[in-house]
Each structure stands twice: as structure tokens, then as C-alpha cells.
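A.B. asks: Dropping a structure here in C-alpha cells format, bear with me for questions.
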Amino acid sequence: MLYFPQNTRYDSMPYNRCGRSGLKLPAISLGLWHNFGGYDAFENGRAIIHKAFDEGITHFDLANNYGPPPGSAEENFGRMLSTDLKAYRDELIISTKAGYEMWPGPYGDHGSKKYLTASLDQSLCRMGLDYVDIFYHHRPDPDTPMEETMQALDQIVRQGKALYVGLSSYDARQTREANKILNDLGTPCLIHQPRYSMLDRWVEDELLDTLEEQGIGCIAFSPLMQGILTDRYLHGIPEDSRAHNPRGFLSKDHITPDILQKVHALNEIAAQREQSLAQMAITWLLKDQRVTSVLVGASSVSQLENNLGALLKSGFGDDELHRIEEILTQ
Ligand SMILES: NC(=O)c1ccc[n+]([C@@H]2O[C@H](COP(=O)([O-])OP(=O)(O)OC[C@H]3O[C@@H](n4cnc5c(N)ncnc54)[C@H](OP(=O)(O)O)[C@@H]3O)[C@@H](O)[C@H]2O)c1
């Protein structure tokens, strides 16, 4: 099947400036953590990627370990790039990361220059790319000097293997420290990727203010709390859901009665707003100007379509925000 992207692909997606950089990212980006690995149906993943690009999603987020098995999401995405998207490389922002365990021994994990450099080389090979647009350190490593990890990121950019660098899951203090080193090296941090959703708001304490002050963009991962902030689990645990999948990172134990009570209450507000719960959860994140992009996952084209529908309705009334806050803080 040949793929030709829609000519209308830039008609409706908003693009937000990433921090104080020159780069704009789509308000909704797509992550390939789940659903694109070696055990998933390749054609389903391919259809999701096509739909995303057709609707103006220019940013695809990967990591060395996405699959399972680790590396297989990059391999599959590489296949799709070569068959479908090769001609559109300059319209794409592709990111990958290293920081979690990837191969055995002391050089396949954490934050050493040895690991980051080798891992990105492997990622480029799996995806068939000369460079990625953004390379992230995936998580802070307390045992490697911050200078070494940041020097590795700077060197990778100087080598032309990445255009920009990012940090994921660093707290506010770590982010300031890392960005100071990066700025001194001449490779400022472009973007931070934290977990952020209605049900996980740690970034609101200090990180979002820090990012704004430092001119760093923010892309929120797991904005739907891996599917909990959707209609997926309102009436039990479906067999085709992430919580049911033993290879997934969501366990049935995460879906507690307390969480479900909040989800049902939020779902009612979403219905009154004529949005799905997933859409409301995305709109709620995008109301904060410091959030550059919301990084969703999807296991089907219809889920992605539903998520994109969040862009049709912006903003909340004061009363809605108050009611949502009451549910989230009770
Ligand atoms: N930096 C990091 O450490 C880190 C960590 C995690 C994720 N990420 C990034 O963030 C991306 C997104 O994470 P995530 O997959 O956890 O995001 P998410 O958007 O919170 O969850 C995606 C899952 O929610 C369900 N879903 C999505 N849209 C739906 C809809 N409209 N209706 C019903 N269910 C829906 C699907 O689950 P089912 O499979 O059950 O259908 C889907 O797989 C990842 O792919 C990755 O790129 C980064």
C-alpha cells in the first residue's frame, strides 16, 4: 500500500513554540512507547502513524527501549519511515532517548557518555536515520556526574547526530543544574518531558515555573494516565487494554476504586462539555501556556482521532475548573 499524506495536513493543528527556541511542536504529539513493538500488529501501527501525519502531527517520540522487545519500536518506525515518510523527513521531528536499561553490562544503562553515545548510534541504525531532531537523557542518574551526561548531549549535537537535546523526569533543581551546564557548553536544553496529567500533577509544584524561567519547552507524557483518563476502564478492564496486557506498564492494581470514582466524576463533566474524557484531559493540559505539546499514545486510529478532537474545544469556564479541581483534590 502506497502512502500519500493529505494535502490538508497543516490546516487545523496548532503549533506551539518550544520554550525560547525557534522550533515549533504540534499541540498534540504521538509517542511510540506501546503499540508499535515487535509483538504488535505492524499495519495497525502504520495506520496510526499515517493518520497522525495526515492530521498535522509532525512529532513522533521514541526511546531506545520502546517495544517490547526493546528497540523494536525504533525498528518498526524505521521501516515506516523508509517506505512511507522518507520524502517527508524535513517535515518531521523525531526524538529518541537513552537512560534506562538497554543492554547487559555496565555500559547499557544510566547516564555515562559511553552509554548515551553508543545508544544513540544504535537508535539511528534501527531507524535508518542520519540524525534525530531531539535526543533526551531519559531520567536523572545520581551516580554519573551531571557534567559528563551534559557533555555527552553537547557532543552528540556537535557531531550532528541530534539537532536539539532534552531532559526527561529531571526535577526542577536537577533541570536548572543541567541547563546551566548545557548553556555554558552552548547547547541549551530545548525541552523537558515530564509525566503530567490530571491525576499526576507533580510538575505544578516547581518544574513548570522553572521551565518557563529557563526558556525550556514542556511536553507532557502519559497525559491520559496510560488510558485511565479515558472511557477505557469505566466498566471493567477490557481484554484488549493496556491494563490487561502483561507486557504493558499499567497494572490492574493502578485502577483503584478511589481513582475510578474520580474518573467517573470527571467523565460526567466531560459529557456536559460535549467532549470525551480523553479530550477533556488533553484540553485541560493545553490550557497552560507552559505546556508546548501533549504527548499521547494510541492503540488504534479511532483513539487517535478521538484525541485530536480535543483541539476543537479550547478553554474551560471558571465553574468547570472549580468542579474539576474539587474532584482532583478530594
Ligand atoms: N519520558 C518518559 O519516561 C516516558 C514514559 C512514558 C511515556 N512516554 C512517552 O509518552 C507517550 C505517551 O505515553 P502513554 O502511552 O502512557 O500515553 P497516554 O496517552 O496516557 O495513554 C495511551 C493509552 O491510553 C489509551 N487511549 C488513548 N487514547 C484513548 C482514547 N481516546 N480513548 C480510550 N483510550 C485511549 C490507549 O490504551 P489501550 O492500549 O488500553 O487502548 C493508549 O495506548 C509514550 O508513547 C512515550 O512516547 C515517555
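Only the coordinates and a few stated rules stand behind these numbers; no lab work does. What you see is a predicted model; the values in this text were computed from it and never measured. As a convention, Cβ positions derive from the backbone with ideal geometry for all residues, glycine included, and neighbour counts pool all protein chains shown.
A.B. asks: Can you tell me which residue is nearest to I219 (Cα to Cα) among those in segment 134-182 that are in a loop (DSSP other than H, G, I, E, B) and within 16 Å of the ligand (Cβ to nearest atom)?
C.D. replies: Among them, the one singled out is S169.
A.B. asks: Across segment 230-240, which residue is nearest to the ligand (Cβ to nearest atom) among those that are in contact (Cβ under 8 Å) with a residue 12 or more places away in the chain and of a type outside the set (A, V, I, L, M)?
C.D. replies: Among those residues, the one meeting the criterion is T230.
A.B. asks: Also, I was wondering about something else. Condition check: within 11 Å of the ligand (Cβ to nearest atom), of a type in the set (A, V, I, L, M, F, W, C) and not in a strand (DSSP E or B). Does A243 satisfy that?
C.D. replies: Considered against the rule, which asks whether it is within 11 Å of the ligand (Cβ to nearest atom), of a type in the set (A, V, I, L, M, F, W, C) and not in a strand (DSSP E or B), A243 comes out as yes.
A.B. asks: Can you tell me which condition Y131 does not meet? The list is (1) touching a Ser or Thr at 6+ places or on another chain (Cβ under 8 Å); (2) closer than 21 Å to I219 by Cα, and all the others hold.
C.D. replies: Here Y131 meets the rest and fails (1).
A.B. asks: Continuing with the same structure: Would you check which residues across segment 123-138 are surrounded by fewer than 18 Cβ atoms within 10 Å (Cβ to Cβ), of a type outside the set (G, A, S) and touching a residue at least 24 places away in the same chain (Cβ under 8 Å) and list them?
C.D. replies: D130, Y131
A.B. asks: When the residues of segment 26-58 are filtered to those that are among the aliphatic types (A, V, I, L, M) and assigned to a helix (DSSP H, G or I), which remaining residue is farthest from the ligand (Cβ to nearest atom)?
C.D. replies: Filtering segment 26-58 for residues that are among the aliphatic types (A, V, I, L, M) and assigned to a helix (DSSP H, G or I), the one farthest from the ligand (Cβ to nearest atom) comes out as A47.
So that you can scan it fast, the table gives a plain yes or no per residue for (1) more than 8 Å from the ligand (Cβ to nearest atom); (2) among the aromatic types (F, W, Y); (3) exposed (fewer than 15 other Cβ atoms within 10 Å of the Cβ); (4) assigned to a helix (DSSP H, G or I):
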residue: F249; (1), (2), (3), (4): no, yes, yes, no
residue: E268; (1), (2), (3), (4): yes, no, yes, yes
residue: Q279; (1), (2), (3), (4): no, no, no, yes
residue: L295; (1), (2), (3), (4): no, no, no, no
residue: L304; (1), (2), (3), (4): no, no, no, yes
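A.B. asks: Further question: When only residues in segment 70-116 that are aliphatic (A, V, I, L, M) and closer than 18 Å to T149 by Cα count, which is surrounded by the most Cβ atoms within 10 Å (Cβ to Cβ)?
C.D. replies: Per the stated criteria, the residue is L116.
A.B. asks: Return the total of residues in segment 173-209 being free of Cβ contacts under 8 Å to residues at least 12 places away in the same chain and of a type in the set (D, E).
C.D. replies: 2
A.B. asks: Would you check if there is a residue in segment 193-206 being in contact with a Phe, Trp or Tyr (Cβ under 6 Å, 6 or more places away or on another chain), farther than 19 Å from Q303 by Cα, assigned to a strand (DSSP E or B) and within 11 Å of the ligand (Cβ to nearest atom)?
C.D. replies: Taking every residue of segment 193-206 in turn, at least one turns out to be in contact with a Phe, Trp or Tyr (Cβ under 6 Å, 6 or more places away or on another chain), farther than 19 Å from Q303 by Cα, assigned to a strand (DSSP E or B) and within 11 Å of the ligand (Cβ to nearest atom).
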